[in-house]
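The values are calculated or read from the model by the stated rules, or taken from the named source; none is laboratory data. No experiment lies behind these values; they were computed from the predicted model shown. In this analysis, Cβ positions are derived from the backbone assuming ideal geometry, glycine residues included, and neighbour counts consider all displayed protein chains.
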Amino acid sequence: MKDRVPDGLRELLAHAAGAGHAPWRTLLRLGDWLLLLAAGVLVAASYPLLWRGGAADRAIVKRDGRIVTELALNAPRKYDVVGAIGTTVIEVQPGRARVLSDPGARQYCVQQGWLTRANAVAICAPNHVTLQLSGRGDRSGAYDTLNY
């Protein structure tokens, strides 16, 4: 079977591609290129300034939505949280925290590994335990932690 483009479709594609017209790049002047370059630099420079979680300085542990404890991220320690189906163990090291063990079947919160940035969250849903990092200058509610 021979691959063949119908004539009507060929004309439509040629018109969409701008056949017979000057390429759009030739229509841009020096000022247009400078404006595009400036916009690109502005976007690239604003990314690290505006879209960062920042450094975390404390871990907030919750059970059933209520704060159980807040742990400073400046010294190593382990903390046990009794949840709905067992005990979840939270491990803290300087500048980071993680869920070390959890009685849940799928271990999603354990698999998240070390959390290091403010607003990062590990949720142990079957056990109703949440580990969230928070930092100085943290704007409460600034991020939706499910989409972070």
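Summary table
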| quantity | calculated |
| --- | --- |
| Selected residue (only one of Ala105, Ala122, Ala84 is in a strand (DSSP E or B), hydrophobic (A, V, I, L, M, F, W, C) and without any contact (Cβ under 8 Å) to a residue 60 or more places away in the chain) | Ala122 |
| The stretch 87-102: number of residues that are in a loop (DSSP other than H, G, I, E, B) and either among the acidic types (Asp, Glu) or closer than 16 Å to Gly65 by Cα (or both) | 1 |
| Subset of the stretch 5-55 [at pLDDT 75 or above and either among the β-branched types (Val, Ile, Thr) or not in a helix (DSSP H, G or I) (or both)] | Pro6, Thr26, Leu28, Arg29, Val41, Val43, Ala55 |
| Which listed residue, of Arg66, Arg106, Arg96, is within 19 Å of the chain's Cα centre (by Cα), assigned by TED's automatic domain parsing to the domain that holds Asn119 and at pLDDT below 95 | Arg96 |
